[in-house]
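Reviewing the structure listed below.
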Amino acid sequence: MKIWGLTGSIGMGKSTAAGAFRRLGVPIFDADAAVHALQSRGGRAVRPIERAFPGTTGEGIVIRERLRQAVLGDPAALKRLEAIMHPLVRDEQKRFLGRERGRGTRLVVLDIPLLFETRRDLSEFDLIVVVSAPAAVQRKRVLARRGMTAERLTAILARQMPDAEKRRRADVIIRTGLSRRYAEAAVRRLVRRLRDA
């Protein structure tokens, strides 16, 4: 089974690329969705997070805004949170890969926003796909999101590897700044290349 990593900074169009893979029938492991599930009612991260950050949960779920405030600008707190979340997300990923191997799946995509930043062992991937768009397009997309501010965007980007460095490390770059159709066509060509091989 081929394992491709999909990554890119905030607002670069990773959701567009992931959607294109899904429409082609490629199973996707969405790390962000795994985090949300782990922090939702019944999720395995709720109790450990409440122990580490008292007052950040309520009614059996993590209250994300409270948690964000608890770690904002505090590198030590962020490391504590990552020490809770990263192993749990990796466990969910392991289950996903086990299921797909059992089904005889030929290709899966692991959608991991902070693939490089979390210092993953890149040898586990057969291909690294980075989505990229011009900085002006990225900024416009992100600031259009509800609750987003310029200050918050600056803080997020400070934690992410620069786009130029991600592109340098990529095996394949999907450019999403031109149009959704252009990006989806690039994904189709990429998958077709594997299937034709």
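Derivation of every value follows stated rules applied to the coordinates shown; laboratory data play no part. Only a predicted model underlies this, so the values are computations on that prediction, with no experimental measurement involved. Please note: Cβ atoms are built from the backbone with ideal geometry, for glycine as well, and neighbour counts cover all protein chains shown.
A few remarks follow.
- Taking the range 37-104 and dividing mean pair separation by its residue count, relative contact order in percent (alpha carbons under 8 Å, at least six apart): 25 percent
- Other-chain or far-sequence residues with amide H under 5 Å of ILE128's (modelled H): GLY5, ASP171, VAL172
- Taking amide H atoms as placed 1.01 Å from N in the peptide plane, the amide H of LEU107 lies under 5 Å from those of LYS2, each 5 or more residues away in sequence or on another chain.
- The chain: relative contact order in percent, alpha carbon pairs under 8 Å with at least 6 residues between: 37 percent
- Percent of Cα pairs exceeding the 24 Å cut-off, where the set is the chain: 45 percent
- Derived value for the range 1-71: Kirkwood hydrodynamic radius 14.1 Å. Basis is the mean of 1/r over every pair of different alpha-carbon atoms.
- Entry note, the chain: the mean residue ellipticity at 222 nm calculated from DSSP H runs of n ≥ 4, each adding -39500 (n - 2.57), is -16000 deg cm²/dmol after division by the residues and rounding to the nearest 500.
- Span from the the range 61-76 Cα centroid across to the the range 83-146 one, whole angstrom: 22 Å
- Peptides 79-85, 188-194, ordered by how many other C-beta atoms sit within 10 Å of their residues on average, highest first, read 79-85, 188-194.
- With a cut-off of 15 Å between beta carbons, the residues surrounding ARG181 carry a summed charge of +4, where Lys and Arg count +1 and Asp and Glu -1.
- For ALA164 and ALA144, the FRET efficiency from 1/(1 + (r/R0)^6), where r spans their Cβ atoms and R0 equals 25 Å, is about 0.60.
- DSSP-defined antiparallel bridges as percent of all bridges, the chain, nearest 5: 10 percent
- Fully extended contour minus Cα-Cα distance, from THR105 to ARG66, at 0.36 nm per residue: 10.1 nm
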